[in-house]
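Asker: One structure is given below, represented as structure tokens, and several questions about it will come after.
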Amino acid sequence: MAQSLSDAHILVSMTYASRANPDVSAKDFNEILQQANENNAANGITGMLIFNKNYFLQTIEGPRAQINRLLYSLIADTRHHDLQIIETRELKHRDWAKWSMNYASPTPANAAIYLKYSTTLDFNPYLLSAEAANNLMHELSTQKSS
């Protein structure tokens, strides 16, 4: 029991990419955002989510035990598949403390930012390094369009 209590004080960040299932609609995505905001706020999790029609790229941060629990539910979520962890690291402070779930989607105004970090003409988060994924999310958050 003492181990779980001490784990709660270890702050971690995890970034992952996944493929959206083709039948995920705008309504489904809005439900994902609403669910994430509610659940994350209740569990001390903050983060940033990028979505386009094909991919999710997300960083979540919080107590290690909570991030591990969330990872299990993300893996089981049928709205996406092929979840690949890009980076996991311990944190001294949160990068996304202001948001239970910040969000950005591709728009004409931020298209150049996506291209800046993409290795191909189409955005593919599986091809991003951990540093590029982090920089992309931070740059998009300053251009936040939603």
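The values are calculated or read from the model by the stated rules, or taken from the named source; none is laboratory data. Everything numeric in this text was worked out from a predicted model, so none of it was measured. In this analysis, Cβ positions are derived from the backbone assuming ideal geometry, glycine residues included, and neighbour counts consider all displayed protein chains.
Asker: Please go through region 78-93 and give me each residue that is under 14 Å from the mean Cα position of the chain (by Cα) and β-branched (V, I, T), ordered by number.
Answerer: I85, I86, T88
Asker: Looking at region 128-146 only, could you name the residues that are exposed (fewer than 14 other Cβ atoms within 10 Å of the Cβ) and of a type outside the set (S, T, Y)?
Answerer: At the first step, the residues of region 128-146 found to be exposed (fewer than 14 other Cβ atoms within 10 Å of the Cβ) are 129, 131, 138, 142-146.
Selection gives E131, H138, Q143, K144.
Each row is one residue, and each column tells you yes or no for (1) over 23 Å from L140 (Cα atoms); (2) of a type in the set (A, V, I, L, M); (3) without any contact (Cβ under 8 Å) to a residue 60 or more places away in the chain.
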| position | (1), (2), (3) |
| --- | --- |
| M14 | no, yes, no |
| A26 | no, yes, yes |
| I45 | no, yes, yes |
| M48 | no, yes, no |
| F51 | no, no, yes |
| I60 | no, yes, yes |
| R64 | yes, no, yes |
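To keep it simple, each residue is scored yes or no on (1) touching a Leu at 6+ places or on another chain (Cβ under 6 Å); (2) surrounded by fewer than 20 Cβ atoms within 10 Å (Cβ to Cβ); (3) at pLDDT 95 or above.
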residue	(1), (2), (3)
Q3	no, yes, no
A8	no, yes, no
N21	no, yes, no
Q66	no, no, no
R69	no, yes, no
R79	no, yes, no
D82	no, yes, yes
I85	no, yes, yes
K98	no, yes, no
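Asker: Only residues that are more than 20 Å from G44 (Cβ to Cβ) and either among the small types (G, A, S) or touching a Ser or Thr at 6+ places or on another chain (Cβ under 8 Å) (or both): list them for region 88-128, please. Steps first, please.
Answerer: Filtering region 88-128 down to residues more than 20 Å from G44 (Cβ to Cβ) leaves 104-128.
Residues satisfying the conditions are A104, S105, T107, A109, N110, A111, A112, S118, N124, L127, L128.
Asker: Could you tell me how many of the residues in region 107-145 are farther than 22 Å from I85 by Cα, at pLDDT 85 or above and either part of a loop (DSSP other than H, G, I, E, B) or among the charged types (D, E, K, R) (or both)?
Answerer: Residues flagged as farther than 22 Å from I85 by Cα, at pLDDT 85 or above and either part of a loop (DSSP other than H, G, I, E, B) or among the charged types (D, E, K, R) (or both) within region 107-145 amount to 1.
Asker: While we're here: Name every residue in region 52-62 that is crowded, with 20+ Cβ neighbours inside 10 Å and at negative phi, in order of residue number.
Answerer: We begin by selecting, within region 52-62, every residue crowded, with 20+ Cβ neighbours inside 10 Å; these are 56-62.
Within region 52-62, F56, L57, Q58, T59, I60, E61 meet the criteria.
Asker: I'd like to know if region 64-77 contains one or more residues that are under 13 Å from A17 (Cβ atoms), within 15 Å of the chain's Cα centre (by Cα) and of a type outside the set (A, V, I, L, M).
Answerer: Within region 64-77 (the criterion being under 13 Å from A17 (Cβ atoms), within 15 Å of the chain's Cα centre (by Cα) and of a type outside the set (A, V, I, L, M)), the answer is no, since none of the residues qualifies.
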